[in-house]
Amino acid sequence: MKRVALSLLTLTVLCSACARPVVVTEPVIIYPARCARPSRPTLPALSGIAFLESMEAYTRLKMRDHVMRTYIYQLEDALDCYEGQLAPEEGENP
(Lines give C-alpha, C1' and ligand atoms only; values in the text may rest on other atoms or scores of the structure.)
Protein backbone atom coordinates (compact mmCIF):
# COMPACT_ATOMS: atom_id res chain seq x y z
CA MET A 1 0.00 0.00 0.00
CA LYS A 2 2.89 2.34 0.75
CA ARG A 3 4.28 1.72 -2.75
CA VAL A 4 0.98 2.62 -4.37
CA ALA A 5 0.64 5.80 -2.31
CA LEU A 6 4.25 6.80 -3.07
CA SER A 7 3.77 6.11 -6.81
CA LEU A 8 0.52 8.08 -6.85
CA LEU A 9 2.14 11.00 -5.05
CA THR A 10 5.11 10.95 -7.44
CA LEU A 11 2.87 10.90 -10.51
CA THR A 12 0.77 13.75 -9.12
CA VAL A 13 3.87 15.88 -8.56
CA LEU A 14 5.25 15.12 -12.02
CA CYS A 15 1.97 15.88 -13.76
CA SER A 16 1.52 19.10 -11.80
CA ALA A 17 4.96 20.29 -12.88
CA CYS A 18 3.96 19.92 -16.55
CA ALA A 19 0.78 21.96 -16.23
CA ARG A 20 0.63 25.38 -17.87
CA PRO A 21 -0.84 28.38 -16.10
CA VAL A 22 -4.31 29.36 -17.25
CA VAL A 23 -4.38 32.73 -19.02
CA VAL A 24 -7.69 34.51 -18.61
CA THR A 25 -8.43 37.08 -21.29
CA GLU A 26 -11.05 39.75 -20.99
CA PRO A 27 -14.02 39.48 -23.34
CA VAL A 28 -14.25 41.97 -26.19
CA ILE A 29 -17.37 44.10 -25.93
CA ILE A 30 -18.57 45.79 -29.08
CA TYR A 31 -21.07 48.63 -29.00
CA PRO A 32 -22.22 49.02 -32.62
CA ALA A 33 -23.69 52.29 -33.80
CA ARG A 34 -27.33 52.19 -34.86
CA CYS A 35 -27.76 51.99 -38.60
CA ALA A 36 -30.66 53.29 -40.65
CA ARG A 37 -33.65 50.96 -40.52
CA PRO A 38 -35.96 51.30 -43.50
CA SER A 39 -39.67 51.50 -42.82
CA ARG A 40 -41.87 48.72 -44.12
CA PRO A 41 -43.44 49.78 -47.42
CA THR A 42 -47.11 49.61 -48.29
CA LEU A 43 -47.57 47.65 -51.49
CA PRO A 44 -50.22 48.59 -54.06
CA ALA A 45 -53.20 46.26 -53.72
CA LEU A 46 -54.09 43.82 -56.46
CA SER A 47 -57.65 43.40 -55.24
CA GLY A 48 -60.38 44.96 -57.33
CA ILE A 49 -58.70 44.19 -60.62
CA ALA A 50 -60.86 42.14 -62.97
CA PHE A 51 -58.03 40.53 -64.95
CA LEU A 52 -54.38 40.17 -64.06
CA GLU A 53 -53.64 40.38 -67.78
CA SER A 54 -54.91 43.97 -67.98
CA MET A 55 -52.66 47.00 -68.34
CA GLU A 56 -53.73 48.28 -64.89
CA ALA A 57 -52.70 45.00 -63.24
CA TYR A 58 -49.39 45.06 -65.11
CA THR A 59 -48.73 48.60 -63.88
CA ARG A 60 -49.51 47.67 -60.28
CA LEU A 61 -47.33 44.56 -60.45
CA LYS A 62 -44.42 46.61 -61.81
CA MET A 63 -44.94 49.16 -59.02
CA ARG A 64 -44.99 46.39 -56.39
CA ASP A 65 -41.79 44.96 -57.84
CA HIS A 66 -40.10 48.37 -57.73
CA VAL A 67 -41.20 48.99 -54.11
CA MET A 68 -40.03 45.54 -52.95
CA ARG A 69 -36.65 45.86 -54.70
CA THR A 70 -36.09 49.29 -53.17
CA TYR A 71 -36.91 47.91 -49.71
CA ILE A 72 -34.53 44.98 -50.20
CA TYR A 73 -31.70 47.34 -51.21
CA GLN A 74 -32.33 49.46 -48.12
CA LEU A 75 -32.22 46.36 -45.89
CA GLU A 76 -28.95 45.28 -47.52
CA ASP A 77 -27.49 48.74 -46.87
CA ALA A 78 -28.43 48.45 -43.19
CA LEU A 79 -26.76 45.02 -42.97
CA ASP A 80 -23.64 46.36 -44.71
CA CYS A 81 -23.54 49.17 -42.15
CA TYR A 82 -23.54 46.70 -39.25
CA GLU A 83 -21.06 44.33 -40.90
CA GLY A 84 -18.73 47.26 -41.64
CA GLN A 85 -18.50 47.97 -37.92
CA LEU A 86 -17.33 44.42 -37.20
CA ALA A 87 -14.51 44.44 -39.76
CA PRO A 88 -11.05 43.96 -38.21
CA GLU A 89 -8.91 47.07 -38.07
CA GLU A 90 -5.77 47.39 -40.14
CA GLY A 91 -2.81 45.50 -38.78
CA GLU A 92 -4.88 42.91 -36.95
CA ASN A 93 -5.12 39.29 -37.99
CA PRO A 94 -8.67 37.96 -38.38
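Before moving on, here are some points about what is shown:
- Residue match in the stretch 26-40 (condition: more than 28 Å from the chain's Cα centre (by Cα) and not β-branched (V, I, T)): no
- Residue check: A33 meets all listed conditions (1) surrounded by 11 or more Cβ atoms within 10 Å (Cβ to Cβ); (2) in contact with a helix residue (DSSP H, G or I) (Cβ under 7 Å, 6 or more places away or on another chain) but one, namely (1).
- Residues within the stretch 38-73 that are of a type in the set (D, E) and not in a loop (DSSP other than H, G, I, E, B), tallied: 2
- Sub-6 Å Cβ pairs linking a first residue in the stretch 1-15 that is in contact (Cβ under 8 Å) with a residue 40 or more places away in the chain to a second residue that is surrounded by 10 or more Cβ atoms within 10 Å (Cβ to Cβ), at least 6 apart or interchain, number zero.
- Test: residue in the stretch 59-79 that is at pLDDT below 85, out of contact with any Leu (no Cβ under 6 Å at 6 or more places or on another chain) and surrounded by 10 or more Cβ atoms within 10 Å (Cβ to Cβ): no
The values are calculated or read from the model by the stated rules, or taken from the named source; none is laboratory data. All values reported here derive from a predicted model rather than from experimental measurement. No Cβ is skipped: glycine too gets one built from the backbone with ideal geometry, and neighbour counts run over all protein chains shown.
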